[in-house]
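Below you'll find the structure, written out as structure tokens, and then a few comments.
No value in this document is a laboratory result; all are computed from the given coordinates. It should be emphasised that the depicted structure is a prediction, and the values quoted were computed from it without experimental measurement. With ideal geometry, Cβ positions are generated from the backbone for all residues, glycine too; neighbour counts draw on all protein chains shown.
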Amino acid sequence: NAGVTQTPKFRVLKTGQSMTLLCAQDMNHEYMYWYRQDPGMGLRLIHYSVGEGTTAKGEVPDGYNVSRLKKQNFLLGLESAAPSQTSVYFCASMGPVLYNEQFFGPGTRLTVL
Amino acid sequence: KQEVTQIPAALSVPEGENLVLNCSFTDSAIYNLQWFRQDPGKGLTSLLLIQSSQREQTSGRLNASLDKSSGRSTLYIAASQPGDSATYLCAVGVGYGQNFVFGPGTRLSVLP
């Protein structure tokens, strides 16, 4: 059981470049989440999904897109990266039962120059 | 809008002390509350999950309490050890999709 994994672990982009972050979970969880963590700002929800084929906006969705084509994967895309998107990105998943707990991946450290 | 605060922002204690970390939230309509630990440069590790109908949860030297009506939770760490040094985050489960709103964290240092 790998739990929640994230690819890549580190990435440096130039302004305007695009990239996709991949989150995978092997726990058959329905709910998946993308957060960003910035110093002094804590963790903020970008997008989330309540099941395969569904996505919804969180607190800070601008500049990001997501897709959940397969239950086990949740992709976060940056179409045109900006320096303000320099952050650590965490993916999390949670099972279908109400009152369940979130499990987090190890994070992706992204720098946009 | 749900807001979560944590006091203190940082705490330094000698090894062996019992300590309490505080978490406050503004809206009592929560599904649950979860405490996490985060080591520098690492992801979040779940410590305790308290359902909205529960008053407390215990795991080893950790005990978390929840008072929904007053919008407060405490994390009690008994007999602290240097290995407990980390940032502790609380998060409340809210709304559709059971999203979590996180507090800013308490940075704990336990000195040998």
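Rg and Dmax in Å for chain A, alpha carbons only: what are they?
Final numbers for Rg and Dmax: 13.3, 41 Å.
With r defined as the distance between the Cβ atoms of B:T45 and B:A10 and R0 fixed at 25 Å, what FRET efficiency is calculated, to the nearest 0.05?
Rounded to the nearest 0.05, the efficiency is 0.80.
Where Rh is the Kirkwood radius over the Cα pairs of the protein assembly as shown, the temperature 25 °C and the viscosity 0.890 mPa s, what D in µm²/s does Stokes-Einstein return?
136
Work out the charge dipole of region B:11-112 with +1 on the Cβ of Lys and Arg and -1 on the Cβ of Asp and Glu about the Cα centre, then indicate which of B:S73, B:S12, B:V94 is farthest towards its positive end.
B:V94
Give A:K71/B:K1; A:K9/B:K1; B:K1/B:K68; A:K9/A:K71; A:K9/A:K57 a once-over and call out the pairs whose C-alpha atoms are over 26 Å from each other.
Over 26 Å apart, Cα to Cα: A:K71/B:K1; A:K9/B:K1.
Using unit Cβ charges (K, R positive; D, E negative) and no other charged atoms, how large, in debye to the nearest 20, is the dipole of region A:56-108 about its Cα centre?
For region A:56-108, the charge dipole is close to 260 debye.
How much net charge surrounds B:A79 when only other residues with a Cβ under 13 Å from its Cβ are counted (Lys, Arg +1; Asp, Glu -1)?
The answer is -2.
Peptide B:84-95: average number of partner chain Cβ atoms within 10 Å per residue?
Rounded to a whole number, the mean comes out at 1.
With a ≥ b ≥ c the root eigenvalues of the C-alpha gyration tensor of region B:8-56, is it rounded (a/c under 1.5), prolate (a/b larger than b/c) or oblate?
prolate
Rounded to the nearest whole Å³, what is the per residue volume of the convex hull around the Cα atoms of region A:48-96?
83
Can you pull out the GluC sites (Glu not before Pro) in region A:1-67 that DSSP calls coil and that have at most 15 other Cβ atoms within 10 Å?
For GluC sites (Glu not before Pro) across region A:1-67 that sit outside H, G, I, E and B with at most 15 neighbouring Cβ atoms in 10 Å, the list reads A:E52, A:E59.
Counting other Cβ atoms within 10 Å of each Cβ, which trypsin sites (Lys or Arg not before Pro) in region B:1-99 have at most 16 and sit in a DSSP loop?
Loop-located and lightly packed - B:K1, B:K42, B:R55, B:R61.
List the lysines whose alpha-carbon lies under 25 Å from that of A:K14, not counting same-chain residues fewer than 8 positions away?
Candidates past the 8-residue exclusion: B:K42.
Give the calculated FRET efficiency between A:M41 and A:T111 to the nearest 0.05, with a Förster radius of 22 Å applied to their Cβ-Cβ distance.
E(calc), rounded to 0.05, equals 0.85.
Roughly how compact is chain B, stated as its Cα Rg over 2.2 N^0.38 Å to two decimals?
1.02
Where a Cα-Cα gap under 15 Å defines reach, which aspartates and glutamates qualify for A:K70, not counting those fewer than 8 residues away within the same chain?
The reachable aspartates and glutamates, counting only those whose Cα sits under 15 Å from A:K70, are A:D26, A:E30, A:E52.
Which order results if A:M32, A:M19 are arranged by neighbouring Cβ count within 10 Å, fewest first?
Ranked by crowding around the Cβ, least crowded first: A:M19, A:M32.
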